[in-house]
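One structure is given below, encoded as structure tokens.
The values are calculated or read from the model by the stated rules, or taken from the named source; none is laboratory data. Note that the coordinates shown come from a computational prediction; the quantities given were computed from them, not determined experimentally. Glycine gets a Cβ as well: all are built from the backbone with ideal geometry, and neighbour counts include every protein chain shown. Accessible surface is based on the protein model in full, side chains and every heavy atom, while ligands, DNA and RNA are left aside. Shrake-Rupley method; radii C 1.70, N 1.55, O 1.52, S 1.80 Å.
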Amino acid sequence: MIEFKNVKKAYQDNVVIEDLSFTINDGEFVCIIGPSGCGKTTTLKMINRLHKVNGGEILIDGTNINDIDVNELRKSIGYVIQHIGLFPNMNVKQNISVVPTLLKWSKDKIDLRIKELMKMINMPFDEFAYKYPNELSGGQQQRVGVLRALAANPNIILMDEPFGALDPITRDVLQDELRNIHDQLKKTIIFVTHDMDEAVKMADRILFLDGGKILQYATPEEMLKNPGTPLIREFLGKISYDYNASDLTCEDVMRKRVYTVYNKERTLKCTSIMKQRDVASLVVVDHNNRYLGIIRIEDIKSEGVPGETIEKLIRKEDITVLINSNARDAFSELEKDNKEYLVVLKRDRQVAGIITRSSMAKALASLIWGENDV
Amino acid sequence: METEAVMQHLGLVCVSFIFTAIFGLLLGIIGYNFKRTRFIILWFVDILQTIPVLALLGIIMIFFGATFRTVVIGIVLYSLLPVVRNTIVGLEQIDPAIREAAIGMGMTKRQRLYKIEFPLAFPIIFTGLKISVITSIGIAVFGAVVGGGGLGYTINRAIMIQDGNTLFKATLALVLMSLAFDLIMGLIEKKLDYSKRRGSV
């Protein structure tokens, strides 16, 4: 656990951070974001003491970092920088093994570790181990940079805009790889970025700084739903649109009022409900509100016997979606066979709502004009 | 007689080179690590270069007499500048990102110097060494005046007795010596270029 307690940082008279307190839990992926000069890089670099703390304290697992030998501290924390900073005089293998070598690991242990690491990101050892940094592409170089930080198996890894200098496609791939690495190894990662897309994609929690103060410290979902300040909203800008469009669930777009009938209901009752509501079909449920199928007016007309229950007339149509599935998928399902509607079900097949063409239109409208105006 | 003079000359150059390298690197590293000394060190080696060679040798001779040692000291003092300056420049031009990475990974100052900074600066430092060796071949010629022997002695005598043949041979030997050093050290220099270094693939 990393704790910032009333941390203060000033360069000469210029106070960058006045009073910063927050906690990062073990295994958490925290992105620090904010406008230029907000103190995000300074915050990061105070953790491995590249920048001195001028007031307050930073604790790692309860120990003040100033009580740890500075080089021991740094060897125990992985560090990845934007400009990659591979050592040009060393090949890939030598670069990755720098910290293990400083820690005096045995040669065999280092070899084993390097092979394991390179396997993790699909960099064949035989092909890459003896190459020099200038023979690698930018993306490959930063992969090595990340492995170098992971080499001695530190619990904490600091990353200072590590993918900032890469082209968008490579950046995307490396983001996925890093997220995978994090999911596998459960390291605590502190990741500075100025790219909100990146933060939302990568982070478990986002720390939004401005002028050395925390504006918001929340999960990406929470930040997207309730941006703490106009500045955060501005940062989210375009992205909240994208995010909503692709991440809306059926629950968000469905209509909750569904016209249902019990399977034991008689035909006459059904036709009267249909007439009343001006619909051509009804959703049939059992007594636990579980979905059984639908009943259509034409079936009642052609095959229905007055006074009988509708049980034999129920069509077990496959027009259901799960409540937490993606709204976009539901919409394309709706489009596919020109269906009238989809029945939204909870996990236990209880009917939760219904999605019609008009719910699709409403959802689109809310994205364009904002939720409140519709 | 001439081979002996050539060997003597080479001896002067080589012995001086060892001392130039040691003191030049030492001063360069000190100058790099301690910013306050940098100015003084560069100023000192700069001043040494402005003193005419003969005057410098003369001053040293007052203390050490007309010996081999005097000539070596003279050559060393005179050829320090390129080594010191290239050491400082070579260490300073290292990409700050590389330095930051090394610091962030927990290397001590000494580890950084040995493992990263010196190897990276070495191509430039080597260029400084090359320049100083070639300069020293020329300076060693003046050594004859203070009893250092070598080709300078041969040339001096040849001028006095107007022996054009010997003069030509000795001068040719000097030129060839310079060219040989330049060629060999130039080849090594190229090999040191990291930007062209390839792995075993």
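Points worth noting:
- Pairs where the first residue, in region B:73-98, is within 13 Å of chain A (Cβ to nearest Cβ) and within 21 Å of B:Ile116 (Cβ to Cβ) and the second is among the charged types (D, E, K, R) and buried (at least 18 other Cβ atoms within 10 Å of the Cβ), C-beta under 6 Å, 6+ apart: B:Ile94/B:Glu117
- Number of positions in region A:146-169 that are in a helix (DSSP H, G or I), closer than 29 Å to A:Asp61 by Cβ and away from chain B (no Cβ under 11 Å): 3
- Scan of region B:107-118 for residues that are among the aromatic types (Phe, Trp, Tyr) and either in contact with a strand residue (DSSP E or B) (Cβ under 6 Å, 6 or more places away or on another chain) or in contact (Cβ under 8 Å) with a residue 24 or more places away in the chain (or both), ordered by number: B:Phe118
- Taken together, B:Thr20, B:Thr70, B:Thr50 contain a single residue that is open to solvent by 50 Å² or more (accessible area, probe 1.4 Å) and over 30 Å from A:His51 (Cα atoms), which is B:Thr50.
- Enumeration of residues in region A:119-145 that are among the basic types (Lys, Arg), under 16 Å from A:Met90 (Cβ atoms) and assigned to a helix (DSSP H, G or I): A:Arg143
- Output for region A:15-54, where each listed residue is away from chain B (no Cβ under 14 Å) and among the charged types (D, E, K, R): A:Glu18, A:Asp19, A:Asp26, A:Glu28, A:Lys40
- Residue count, region A:101-122 (criterion: within 22 Å of A:Ile189 (Cα to Cα) and more than 11 Å from every other protein chain (Cβ to nearest Cβ)): 9
- Counted residues, region A:292-311 - those being open to solvent by 20 Å² or more (accessible area, probe 1.4 Å) and assigned to a strand (DSSP E or B): 3
- Conditions (1) outside any loop (DSSP other than H, G, I, E, B); (2) under 16 Å from A:Val351 (Cα atoms); (3) among the polar types (S, T, N, Q); number of the one not met by A:Asn288: (1)
- Only a single item in (1) within 12 Å of chain B (Cβ to nearest Cβ); (2) open to solvent by 30 Å² or more (accessible area, probe 1.4 Å); (3) not polar (S, T, N, Q) is not met by A:Asp172, and it is number (1).
- Residues located in region A:75-94, provided they are of a type outside the set (Val, Ile, Thr), surrounded by 24 or more Cβ atoms within 10 Å (Cβ to Cβ) and more than 8 Å from chain B (Cβ to nearest Cβ): A:Gly78
- Search result, residues across region B:141-172 that are crowded, with 16+ Cβ neighbours inside 10 Å and farther than 25 Å from B:Thr70 by Cα: B:Thr166, B:Lys169
- If you check A:Ile121, A:Ile60 for being of a type outside the set (Phe, Trp, Tyr) and either within 23 Å of A:Ile32 (Cβ to Cβ) or surrounded by 20 or more Cβ atoms within 10 Å (Cβ to Cβ) (or both), only one passes: A:Ile60.
- Helices (runs of 4 or more DSSP H) completely within region B:85-201 that count 1 or more residues being of a type in the set (A, V, I, L, M, F, W, C) and closer than 30 Å to A:Pro154 by Cβ: B:96-104, B:118-142
- Some residue of region A:193-209 being within 12 Å of chain B (Cβ to nearest Cβ) and modelled with pLDDT of 90 or more: no
- For region A:30-57, filtering for residues that are within 26 Å of B:Ala97 (Cα to Cα) and surrounded by fewer than 17 Cβ atoms within 10 Å (Cβ to Cβ) leaves 5.
- Here A:Gly27 clears all of (1) over 25 Å from the mean Cα position of the chain (by Cα); (2) surrounded by fewer than 18 Cβ atoms within 10 Å (Cβ to Cβ); (3) more than 18 Å from A:Val7 (Cα to Cα) except the condition numbered (1).
- Where B:Val175 falls short, out of the listed (1) open to solvent by less than 80 Å² (accessible area, probe 1.4 Å); (2) at pLDDT below 90: (2)
- Hey, A:Val53 among the β-branched types (Val, Ile, Thr) and closer than 29 Å to A:Asp197 by Cα or not: no
- Taken over region A:189-228, residues that are assigned to a strand (DSSP E or B) and farther than 21 Å from A:Met1 by Cα amount to 2.
- Within the set A:Glu57, A:Glu72, the sole residue that is within 23 Å of A:Thr188 (Cβ to Cβ) and within 14 Å of chain B (Cβ to nearest Cβ) turns out to be A:Glu72.
- Checked against the criterion of being under 14 Å from A:Val144 (Cβ atoms), touching a residue at least 40 places away in the same chain (Cβ under 8 Å) and of a type in the set (Phe, Trp, Tyr), region A:78-89 contains one or more residues that satisfy it.
- Only residues that are open to solvent by 10 Å² or more (accessible area, probe 1.4 Å) and without any contact (Cβ under 8 Å) to a residue 40 or more places away in the chain were counted across region B:119-140, and they come to 2.
- Selection status of A:Val98, of a type in the set (Val, Ile, Thr), touching a helix residue (DSSP H, G or I) at 6+ places or on another chain (Cβ under 7 Å), closer than 23 Å to A:Leu178 by Cβ and open to solvent by less than 40 Å² (accessible area, probe 1.4 Å): yes
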